[in-house]
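> Mind having a look at this structure? Questions to follow.
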Amino acid sequence: MVRRVGDKSTGQVNIRWMEAFNEFIMDTSLLELQRSGERYTWSNNQVTPIFSILDRVFVNNAWEDKYPLVTAQVCTRIGSDHNPIIVDTGGRPSKMPTYFRFDPTWLTQEGFRNWVTDRWPVRLKAGSRDHWHVISGILHRAMKGWGANFGSNLRKHKQQLLLEIDAIDREANFMDLPPTTWEHRYKLERELIEIYMAEEIYWQKRGGQKWILQGDSNTAFFHKCANGRKRKTLIKSLEEEGRVISGPVELRQHIDAYYKKLFGREQTEDIHLIEDLWQEQQKVSDEENEELIKPFTWEELDFAMKETKNNTAPGPDGFSVEFFKEFWPMVRPLIKEMLDDLHLGSFDLRRLNYGVIILLPKLKLPNNIKQFRPICLLNVIYKSSPKS
């Protein structure tokens, strides 16, 4: 007996199969890879075709952790009613320039604040901007070393804490332990929780999440978010006038050329406003002008830094908002000096006003450079000047 697609009993069977399939996916904690390319994966190849998504790619958490840059592309259907799906594990990511990034988890490490304070450079240069470049350069090199040692020591220490806690728990299965042993065990546990929280802060920032649940183990969740962001922003290929551009070198050349043309200088038009365009009441008064051009105050500077949001991406120098807020008493006088020089017209702002452009997709599956939104990450020290 052949059942039609619209047959009631066939629909009930399909629903039961779908429910069983969904339960299997949930029970095994499988994740579906986001596809690119063709929208559908099956067609009945008729003159009035029917399209459907029958073919999917599922992976488990361990596999995704091993291949964080995995992609799935649905290709053109030839000689079959199914579209082939190419799964690319991502391989080794192309070597990109490495930038220094201040890691907020360093602030949770005992002794870090005093360590930075001891290495804070003394004033060697006369100019405020030059002295800041000396400070940033010396702290860059020092903190890179701290970060490398911090990660290695943290992994070893975490493993040692787990072994000690496990040994105490196994011993408690066979004998009563004195209160001092339990106090020691709880002390080790508190220390281990602090390490877990430091890891959560790190992966929270990498995952782009703005919230964290105190006491919960969210590290794996933030890790997944970070992997998802990598795949979302990874540009495998772009199209231009029917031509497919792929490969890191060609993509970089294509993107650079596009934005150089977009942001490049254009010939200035010889356009001027007539002198009597603005009425007298629309002009800035002398009193308002005095308020606008008055020197920067300490109160304005402190308020600007206080209102700057944490957990935002830093600029090319790598110093985040958390760094400036933590070491504000030390960097505050230098920023005030730079603002005073700027007010007097003797400060070259161009050596601070530079950034890194990040491309964020506007669409779910972008394939053209115009479908990306450029976001410029500026240095925090440039953004810390008070707004008038």
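> Does MET338 fit the bill of being among the aliphatic types (A, V, I, L, M) and surrounded by 15 or more Cβ atoms within 10 Å (Cβ to Cβ)?
Yes: the conditions hold for MET338.
> Residue by residue through segment 35-92, note down the ones that are of a type in the set (S, T, N, Q), under 22 Å from ILE25 (Cα atoms) and surrounded by fewer than 16 Cβ atoms within 10 Å (Cβ to Cβ).
Once the filter is applied, which keeps residues that are of a type in the set (S, T, N, Q), under 22 Å from ILE25 (Cα atoms) and surrounded by fewer than 16 Cβ atoms within 10 Å (Cβ to Cβ), segment 35-92 yields SER52, ASN60, ASN61, THR89.
> Just to be sure I understand the filter: pairs with C-beta atoms under 7 Å, separated by 6 or more residues or on different chains, first member in segment 280-296 and within 27 Å of SER346 (Cβ to Cβ), second member among the polar types (S, T, N, Q) and loosely packed, with under 10 Cβ neighbours inside 10 Å. Which pairs pass?
Cβ pairs passing all conditions: LEU292/SER388.
> In segment 50-71, how many are modelled with pLDDT under 85 and under 24 Å from SER237 (Cβ atoms)?
Total meeting the criteria: 8.
> Go through (1) modelled with pLDDT under 80; (2) under 25 Å from the mean Cα position of the chain (by Cα) and name the single condition LEU124 misses.
Here LEU124 clears every test but (2).
> Kindly provide the set of residues from segment 165-176 that are out of contact with any Lys or Arg (no Cβ under 8 Å at 6 or more places or on another chain) and surrounded by 10 or more Cβ atoms within 10 Å (Cβ to Cβ), ordered by number.
Across segment 165-176, the qualifying residues are ASP166, ALA167, GLU171, ALA172.
> Which of the residues that make up segment 21-77 are within 28 Å of the chain's Cα centre (by Cα) and among the β-branched types (Val, Ile, Thr)?
VAL57, VAL59, VAL70, THR71, VAL74
> Scanning for something assigned to a helix (DSSP H, G or I), of a type in the set (Asp, Glu) and touching a Lys or Arg at 6+ places or on another chain (Cβ under 9 Å), does segment 60-70 turn up at least one residue?
Yes, segment 60-70 has at least one match.
> Of all the residues that make up segment 270-294, how many are assigned to a loop (DSSP other than H, G, I, E, B), surrounded by fewer than 10 Cβ atoms within 10 Å (Cβ to Cβ) and either of a type in the set (Gly, Ala, Ser) or under 41 Å from the mean Cα position of the chain (by Cα) (or both)?
1
> Restricting attention to segment 110-156, report how many residues are closer than 14 Å to PHE323 by Cα and part of a loop (DSSP other than H, G, I, E, B).
So the count comes out to 1.
> Is it the case, given these coordinates, that GLU307 is within 28 Å of ILE375 (Cβ to Cβ), loosely packed, with under 10 Cβ neighbours inside 10 Å and acidic (Asp, Glu)?
Taking the combined requirement at face value, the residue satisfies it.
> Give the residue that is nearest to THR71 (Cα to Cα), with candidates limited to residues of segment 21-32 that are surrounded by 10 or more Cβ atoms within 10 Å (Cβ to Cβ) and aliphatic (A, V, I, L, M).
By that ranking, first place goes to LEU31.
> Tally the residues that are in a helix (DSSP H, G or I) and either loosely packed, with under 11 Cβ neighbours inside 10 Å or at positive phi (or both), restricting the search to segment 237-255. Reasoning before the result, please.
Step one: list which residues in segment 237-255 are in a helix (DSSP H, G or I), which gives 248-255.
Filter once more, keeping what is either loosely packed, with under 11 Cβ neighbours inside 10 Å or at positive phi (or both): 249.
Summing the residues that are in a helix (DSSP H, G or I) and either loosely packed, with under 11 Cβ neighbours inside 10 Å or at positive phi (or both) in segment 237-255 gives 1.
> When the residues of segment 103-140 are filtered to those that are small (Gly, Ala, Ser) and out of contact with any Asp or Glu (no Cβ under 9 Å at 6 or more places or on another chain), which remaining residue is farthest from PRO333 (Cα to Cα)?
The residue in question is GLY111.
> Let me ask another. Select the helices (runs of 4 or more DSSP H) contained entirely in segment 318-388, then report the ones holding at least 2 residues which are among the aliphatic types (A, V, I, L, M).
Per the criteria, 328-344, 380-383.
> Kindly establish whether TRP203 is modelled with pLDDT under 85, touching a His at 6+ places or on another chain (Cβ under 7 Å) and crowded, with 16+ Cβ neighbours inside 10 Å.
yes
> Moving on. Does segment 335-354 contain any residue that is over 23 Å from VAL116 (Cα atoms), under 20 Å from the mean Cα position of the chain (by Cα) and not hydrophobic (A, V, I, L, M, F, W, C)?
Within segment 335-354, one or more residues are over 23 Å from VAL116 (Cα atoms), under 20 Å from the mean Cα position of the chain (by Cα) and not hydrophobic (A, V, I, L, M, F, W, C).
> State the number of residues belonging to segment 177-200 that are assigned to a helix (DSSP H, G or I), exposed (fewer than 14 other Cβ atoms within 10 Å of the Cβ) and either touching a Lys or Arg at 6+ places or on another chain (Cβ under 8 Å) or not charged (D, E, K, R) (or both).
Result for segment 177-200: 6.
The values are calculated or read from the model by the stated rules, or taken from the named source; none is laboratory data. Bear in mind the structure is a predicted one, so any value in this text is a computation, not a measurement. For neighbour counting, all protein chains shown are included, and Cβ atoms are generated from backbone atoms with ideal geometry for every residue, glycine included.
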